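K.L.:
The following block contains the structure, expressed as structure tokens.
The values are calculated or read from the model by the stated rules, or taken from the named source; none is laboratory data. The structure presented is a predicted model; accordingly, all values stated were derived computationally and were not measured. We place every Cβ from the backbone using ideal geometry, glycine too, and count neighbours over all the protein chains shown. Side chains included, ligands, DNA and RNA excluded: accessible areas come from the protein's heavy atoms. Shrake-Rupley method; radii C 1.70, N 1.55, O 1.52, S 1.80 Å.
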Amino acid sequence: MKKVYIETMGCQMNKSDSERIIGILAQFNYQECTNPREADLLLVNTCSIRQLSANKAYSQIGVWGKWKKHKPIKIGFCGCVAQQDKENLLKRFPYLDLVFGTHNIYELPQLIKKVEAGEQVCAITETPYKTDETQYQINRKGNLNAWIPIIEGCNNFCTYCIVPYTRGRERSREMNAIIQEAKKAIEQGFKEITLLGQNVDSYGKDFKDNKTTLANLLRELNKINGKFRIRFVTSYPTDITDDLIDAVEECEKVCKYFHIPMQSGNSEILKKMNRRYNREQYKNIVDKIRKRFKHVTITSDFIAGFPGETEEQFNDTLTAIKELKLDYSNTAAYSPREKTIAAKWVEKYIPEEVKKERLERLNNINKQACTESNKRFIGETLEVLVEDIKEKNGKRIITSRAGNNKIVHFESPTAQIGDFVNVKIEQASMWCVKGSEVL
Ligand code: SAH
Ligand code: SF4
Ligand code: F3S
């Protein structure tokens, strides 16, 4: 058997893709290894969301390229940067053996044969490669959570974002394929299903049958026997329908957790970002969700220093986090991406040091918001899934996660990884809460 090593950068969709890439390769005599030095085939699955992510991919390839002088290894480059740079990658890194895009994963069996025959291969298509993906094995990482992509691509074209160019237009998977994949994962012992999509609530819009919706998919998955949880990420604010909120309420297996990136707290900037909502509309969605669910958490993403962002406009982002009591936010400084509209507004770019300083303030507000959010759970009882156990001075310290994504620590002489336990929260810090098992 040959050995393959994969370095995965970027979001959960890339992690899920890597599990599928390794699964396909396993059927072609490649076994995954954890030490890149031992590999016959080295793959980097890349992310292009910010320039820094893309640079990371290029420098990884540079390192491996040097190894090739001493060892007959094969090197492959895939994921979002591959989809974007295409055959230019072969010019820039002539020692690459294989380049394949985000739409070409299921062509790997043919591609790998060519690579083994000594060809240099580049497979990037703009249109989806239609295949029955259920025939391939998935090498899932971890034993508790199973990623399941349900929709890929994006039709929104936010002015800062590269994703529509790296993942193409929205296309949903057949509901049946998803249900089969979920059933299999639950039979294998997974305790959590996370449905993935760049805009998960657009699921089924390309099927035009008005029954294939995220809400109905949740209802179907909720019927699968067994004790497990269902999550879904990422939601586009104004695509969260009342029917989806109803489904989350009806389905006991669905976590009361919403990841709804706001991007900016200022309506003018939101317009320039081509987001289809303003501050008020986003607030209405958050209010509606909070009213419906007791222990719900709502997390978000924000960009600091979008072209032309004034100090006052940035301040609106800080006040939004506080006013909306957002439980946690991913934050980033704006990074210009080639091909996107905002990248052309060079004269409006915010200086690096200003972006950095704004990001720092944003992170500080985020930390305060997290601490406040955690404190709100003191005295509440949450059902958690046990993820890890550490023995310390004869005590078993449990790390677990609640349905609303809070990290919960507690002591237990008996709890095992994969158990669901009720914990009463007693203490809160910035990134986690502590409590005691309710017996
Ligand atoms: N589909 C999701 C977001 C996917 S991209 C949505 O619409 O909200 C993940 C996050 O990366 C975004 O939420 C955004 O905050 C960040 N991001 C995207 N492009 C960026 C850029 N050019 N610079 C900085 N952050 C960016
Ligand atoms: Fe990017 Fe906007 Fe699409 Fe999200 S909705 S992936 S931010 S273009
Ligand atoms: Fe990055 Fe592609 Fe995901 S650009 S964030 S890996 S969709």
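K.L.:
Counting only residues that are of a type in the set (S, T, N, Q) and more than 17 Å from the chain's Cα centre (by Cα), which one in the range 144-186 is nearest to ligand 2 (Cβ to nearest atom)?
P.N.:
Out of the qualifying residues, it is 156.
K.L.:
Name the residues in the range 56-66 that are more than 24 Å from residue 342 (Cα to Cα) and open to solvent by 50 Å² or more (accessible area, probe 1.4 Å), would you?
P.N.:
Result: 59, 63, 66.
K.L.:
Under the condition of being charged (D, E, K, R) and within 16 Å of ligand 1 (Cβ to nearest atom), which residue from the range 1-55 is surrounded by the most Cβ atoms within 10 Å (Cβ to Cβ)?
P.N.:
This residue is 17.
K.L.:
Residues of the range 262-283 being in contact with an Asp or Glu (Cβ under 8 Å, 6 or more places away or on another chain) and either surrounded by fewer than 19 Cβ atoms within 10 Å (Cβ to Cβ) or not in a loop (DSSP other than H, G, I, E, B) (or both), which ones?
P.N.:
Within the range 262-283, 263, 267, 269, 279, 283 meet the criteria.
K.L.:
If residue 209 satisfies all but one of (1) among the acidic types (Asp, Glu); (2) in a loop (DSSP other than H, G, I, E, B); (3) at pLDDT 95 or above, what's the number of the condition it fails?
P.N.:
Condition not satisfied by residue 209: (3).
K.L.:
Looking only at helices (runs of 4 or more DSSP H) that fall completely inside the range 22-138, which ones have 1 or more residues that are out of contact with any strand residue (DSSP E or B) (no Cβ under 8 Å at 6 or more places or on another chain) and closer than 30 Å to residue 184 by Cβ?
P.N.:
Once the helices (runs of 4 or more DSSP H) in the range 22-138 are filtered for at least 1 residues that are out of contact with any strand residue (DSSP E or B) (no Cβ under 8 Å at 6 or more places or on another chain) and closer than 30 Å to residue 184 by Cβ, what remains is 80-85, 108-116.
K.L.:
Now, a different point. Out of the residues in the range 215-256 meeting the condition of being of a type in the set (Val, Ile, Thr), open to solvent by 10 Å² or more (accessible area, probe 1.4 Å) and not in a helix (DSSP H, G or I), tell me which one is farthest from ligand 1 (Cβ to nearest atom).
P.N.:
Once the filter is applied, the top-ranked residue is 224.
K.L.:
Kindly provide the set of residues from the range 185-200 that are open to solvent by 30 Å² or more (accessible area, probe 1.4 Å) and either touching a helix residue (DSSP H, G or I) at 6+ places or on another chain (Cβ under 8 Å) or within 16 Å of ligand 3 (Cβ to nearest atom) (or both), ordered by number.
P.N.:
Across the range 185-200, the qualifying residue is only 198.
K.L.:
Return the residue satisfying two criteria in turn: it lies in the range 151-169 and is within 13 Å of ligand 3 (Cβ to nearest atom) and open to solvent by 30 Å² or more (accessible area, probe 1.4 Å), and of such residues it is nearest to residue 81 (Cα to Cα).
P.N.:
Per the criteria, the residue is 165.
K.L.:
Among the residues of the range 124-143, are any over 18 Å from residue 221 (Cβ atoms), in contact with a helix residue (DSSP H, G or I) (Cβ under 8 Å, 6 or more places away or on another chain) and within 15 Å of ligand 2 (Cβ to nearest atom)?
P.N.:
For the range 124-143, residues over 18 Å from residue 221 (Cβ atoms), in contact with a helix residue (DSSP H, G or I) (Cβ under 8 Å, 6 or more places away or on another chain) and within 15 Å of ligand 2 (Cβ to nearest atom): absent.
K.L.:
Checking residue 394 against (1) touching a residue at least 60 places away in the same chain (Cβ under 8 Å); (2) over 27 Å from residue 193 (Cβ atoms), which test does it fail?
P.N.:
(1)
K.L.:
Taking interchain pairs and intrachain pairs at least six residues apart, which have beta carbon atoms under 8 angstrom, with the first residue in the range 213-225 and within 11 Å of residue 246 (Cα to Cα) and the second open to solvent by 50 Å² or more (accessible area, probe 1.4 Å)?
P.N.:
These pairs meet every condition: 215/241; 215/243; 215/246; 219/250.
K.L.:
Return the residues of the range 73-115 that are buried (at least 18 other Cβ atoms within 10 Å of the Cβ) and of a type in the set (S, T, N, Q); say none if nothing qualifies.
P.N.:
Within the range 73-115, 83, 84, 102, 104 meet the criteria.
K.L.:
Something else about it: Being acidic (Asp, Glu) and more than 16 Å from ligand 3 (Cβ to nearest atom) is the filter; apply it to the range 67-103 and report the residue that is nearest to residue 151 (Cα to Cα).
P.N.:
Selected residue: 87.
K.L.:
Could you check the range 116-126 and list, in sequence order, the residues that are surrounded by fewer than 18 Cβ atoms within 10 Å (Cβ to Cβ), closer than 16 Å to residue 101 by Cα and not polar (S, T, N, Q)?
P.N.:
Within the range 116-126, 126 is the sole residue that qualifies.
K.L.:
Please name all residue pairs, on different chains or six or more residues apart, with Cβ atoms under 8 Å, provided the first residue is in the range 423-438 and is open to solvent by 70 Å² or more (accessible area, probe 1.4 Å) and the second residue is among the aromatic types (Phe, Trp, Tyr) and modelled with pLDDT of 95 or more.
P.N.:
434/410
K.L.:
Can residue 415 be described as among the small types (Gly, Ala, Ser) and either over 30 Å from residue 313 (Cβ atoms) or modelled with pLDDT under 95 (or both)?
P.N.:
Considered against the rule, which asks whether it is among the small types (Gly, Ala, Ser) and either over 30 Å from residue 313 (Cβ atoms) or modelled with pLDDT under 95 (or both), residue 415 comes out as yes.
K.L.:
Follow-up. Having 3 or more residues that are more than 16 Å from ligand 1 (Cβ to nearest atom) and open to solvent by 10 Å² or more (accessible area, probe 1.4 Å) is the bar; report the strands (runs of 3 or more DSSP E) wholly within the range 317-422 that clear it.
P.N.:
In the range 317-422, the matching strands (runs of 3 or more DSSP E) lie at 381-392, 395-402, 407-411.
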